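Contents: one structure, followed by commentary.
The values are calculated or read from the model by the stated rules, or taken from the named source; none is laboratory data. The structure displayed is predicted, hence computed values, not measured ones. Cβ placement follows ideal geometry from the backbone for every residue including glycine, while neighbour counts extend to all protein chains displayed. Protein only, heavy atoms only, side chains kept; ligands, DNA and RNA dropped before computing areas. Shrake-Rupley method; radii C 1.70, N 1.55, O 1.52, S 1.80 Å.
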Amino acid sequence: MVAPDFADEWALRLAIRDTAAMYVGVKEQTNRNDHPLITKINRAFGLPKNAYYCASGLAYCYKVNFKTKLPFNGAGSVASWFANRQRWVYRRGERGNQRTGRKPQLMDGVSLFSSHIEGLAQLRWDADADYIETIGFNTTAGTGRGGVYRVRRPMKDVKAIVNHITPYWELIHQAKGTP
């Protein structure tokens with residue numbers, strides 16, 4: 001296992017955010033998941049070149065910075081991001097919002113709608129906020145054209161938030177024998 005070259009977990013989270021931010025503004029050529037970047041992302045995970053890329057786009061940003069295998073299977077599947085319930089840090093409950101365990105942090109995976117994921121792009125979590133900021137791949141952000149956008153999402157649209165970064169960071173540092 002190759003350890004990332006970051007001083008701490010926060011630096012890793014910033015690097016993942018910066019990687020995703022580099023792609024903000026990429027737009028599909030004909031609204032059919034077609035752009036050279038989308039092909040590159042999907043091929044990195046063995047997916048068809050024009051496959052949906054909300055999950056694989058975010059996974060690609062993780063992969064570039066983790067420098068090792070992702071801590072979950074099926075990078076192109078939103079369900080795979082949320083398969084391990086122990087990594088959930090937020091879920092919307094019937095009687096309002098419920099946080100579970102750690103607070104959501106920068107670039108945690110945010111489940112929206114029936115099957116869509118984006119990365120939490122705000123620096124600080126506010127449990128009482130009406131909106132959150134995300135970076136989303138394979139979204140229109142209200143523009144009518146698919147691509148990669150920084151988006152302001154209503155909290156009522158958030159189904160769950162998952163943290164794969166902290167467990168990964170802890171595993172890497174246990175293997176290295178550092179705190």
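For residue 75, the shell of other residues with beta-carbons less than 14 Å away shows a net charge of +4, using +1 for Lys and Arg and -1 for Asp and Glu. Heavy-atom accessible surface of residue 38, to the nearest 10 Å², is about 0 Å², with a 1.4 Å probe and all protein chains retained. When 77, 56 are compared by accessible area of protein heavy atoms, the largest-first order is 77, 56, using a 1.4 Å probe.
Normalised Debye scattering of region 118-179 at q = 0.13 Å⁻¹ gives log10 I(q)/I(0) of -0.49, counting only Cα atoms as equal scatterers and leaving out solvent.
The figure for residue 113 is an accessible area of roughly 100 square angstrom, using a 1.4 Å probe on the protein chains alone.
Expressed as a whole percent, the accessible area of region 11-117 that falls on carbon and sulfur atoms is 49 (1.4 Å probe). Residue 131 contributes an accessible area of around 100 Å² to the protein surface, as traced by a 1.4 Å probe with all chains present. Would you be so kind as to identify all helices of the chain, as entire DSSP H runs, whose Cα atoms reach 27 Å or more along the helix's own axis and whose mean Kyte-Doolittle hydropathy is at least -0.5? Within the chain not a single helix satisfies the rule.
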